[in-house]
Each structure stands twice: as structure tokens, then as C-alpha cells.
Amino acid sequence: MLLALAEGYGSASLLQRANEFVVQNFHDLSMTPDFLDMPLGVLEVCLGSDSLSVPSEEVAVRSSLRWTSHDLQTRQRLLPRLLALLRLHHVPTHTLQALARTENILSGDQLCVSLVSDAVSRQTQLSGLLPDARPATTQSYIYIHKTEENGEIHHSFCYCLDTDQWRELPQGQGAGFSMTPDPSGSSLTSYAEKLFVTGGCRGNCCRTVRLHVAEPFHDATAEVWCYCPVTHTCTPAPDMGKPRTMHTAVTTLGRLYVLGGRTRGEREGAPSLMEVRI
């Protein structure tokens, strides 16, 4: 109704405001019968907008499938065009694969199948470094982690600023055992909503920096781990190019960088890694 009114008046500014309203209220509008008659051009503007108001990318995908199914004969050929505007790699892998199996309008179109497959491949390649999430689908977190000197007792929590709730990071078997690795000498950094743990030493190296440096041997590891608060899981990411301990890790421009530290070997023989690695 609002869009029709704006078009009727022929006002570019009014039409722009109307489109902004649809983008900002997309989720609510998608639940109404009028959504099924939304013009293709307006739907494309919505799906391509960084400001699209949806609780998750999956909601945008399912809305697009519902819109397509409403007039399948006419709209089936438009679906690949819509999927290309969506950020399919932000939909959980198992959900994407389930949709590809159960939704005939997806499985019956080779281009759609290819787009879904590309999204799954991108998830694997980027290993959690997905820089283009829509702001409405993300939340802000504060991570707190402490490992006691014995290396056995862990305290790991994340606080969600949006919901004002605390959550304990995954725990394994036995009290105080964390499934989120935290070897001595490792480095923690965050990217988007995720927490990354890089490198560190295997074994029983002292956790105190001064004593760790003095250890006679550094059994450094190249392992990288990623904790996702959305799925509440901690999964391995691709290893670093070299084992590192006592290094620094930072994230910027869609990449995780590790700087400095020492690699595996005896204290006197383990060279300092002054170069920066991606």
C-alpha cells in the first residue's frame, strides 16, 4: 500500500522512504499475506540491503522460497537471482544441506544447487571468518577466560550485550575442564561474534610469561580453534603456517594475523618469529 502510494505520486524521495520502511520491517512484513505479492524489484532491494531487518539469514532464505512458491510457474526462474543476493554462507551448513534436499524448488534447479554448494564451500574455506553478516543478524559479546596455574581448572564465559545474559563456554568431562583449548603461550582474539585461540605449547609449560620464557623446550603447536556463541561449539580451524607460542594475534580486514612469538624447539634453538603471518 505504501509503495503503491509512493509510485502513484511519482515522488522519488517518497519511494525511497517507502523502500527503507520495507527493508527495516522486512521480517514482520514477510509474515503477512501482502508479502507474497511484493514486486520483484522491491524484494531484490530488500535482499541486497545490508540493513535488512531479519533475525537470521535463514529467515531471509525461507522468505524468498515462500515468495517464489506462491507463483511457482512465473517465479521459479527468478529464484537463482534472489539466492545470489542472499548471504547463504551465513546459514548453518546443516540447514543449507537440509533445504537443498527437502525443497524441490531448490533441488530441481541446477543453478540453485550450485549456489548452495558454493556457500557450503565458502564456510569451509573461511573457517568462521565471515565478514559480511547483516548487522541485524549479529550480537555483541564480551569473552572472559581464565586458566589456573595448574592448567587444569578453566573458567570461560561470554556475555551477550543484546540479551544481557551470561553463558559458560562448552565444558568437557569432569569439573572445570574446558573444551575450548587454552594451551600456555596461546593467543586469544575475537572476530565478528567468534573467539579464536591460536598456537601455544603442548605439555606442562608454566603459564606465567616470565617462567614460560625460561622453559628449556617449547613444544609449540600450529593449531587454531574457533568458538561460535551462536552454535555454542568449539571447532578446529586450519592450522597456522608454523607452530607458534608467546605470539600475538589480531583480526582486521577480514583476516586473522599472528605476529612474532617462538616456534618449536629448545629455548636457545627456537628462533623468534618476527614476521607476520596470515
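Could you compute the FRET efficiency for ARG122 and GLU44, with r as their C-beta to C-beta distance and R0 at 25 Å, rounded to 0.05?
Efficiency for this residue pair is about 0.70.
Once both labels are modelled 7 Å past Cα along the beta-carbon direction, what's the ARG66-THR235 spacing in nm?
Once both label points are built, they end up 2.7 nm from each other.
Between ARG202 and SER114, what is 0.36 nm times their sequence separation minus the Cα-Cα distance? Round to one decimal in nm.
The ARG202-SER114 span can extend by a further 27.5 nm.
Listed highest first by mean packing, meaning other Cβ atoms within 10 Å per residue, what order do 201-214, 27-40 come in?
201-214, 27-40
Every number here is computed from the coordinates shown, using simple stated rules; none is lab data. Being a predicted model, the structure only gives us computed values, none of them experimental. When we count neighbours, we look across all protein chains shown, and the Cβ atoms used for this are built from the backbone with ideal geometry, even at glycine.
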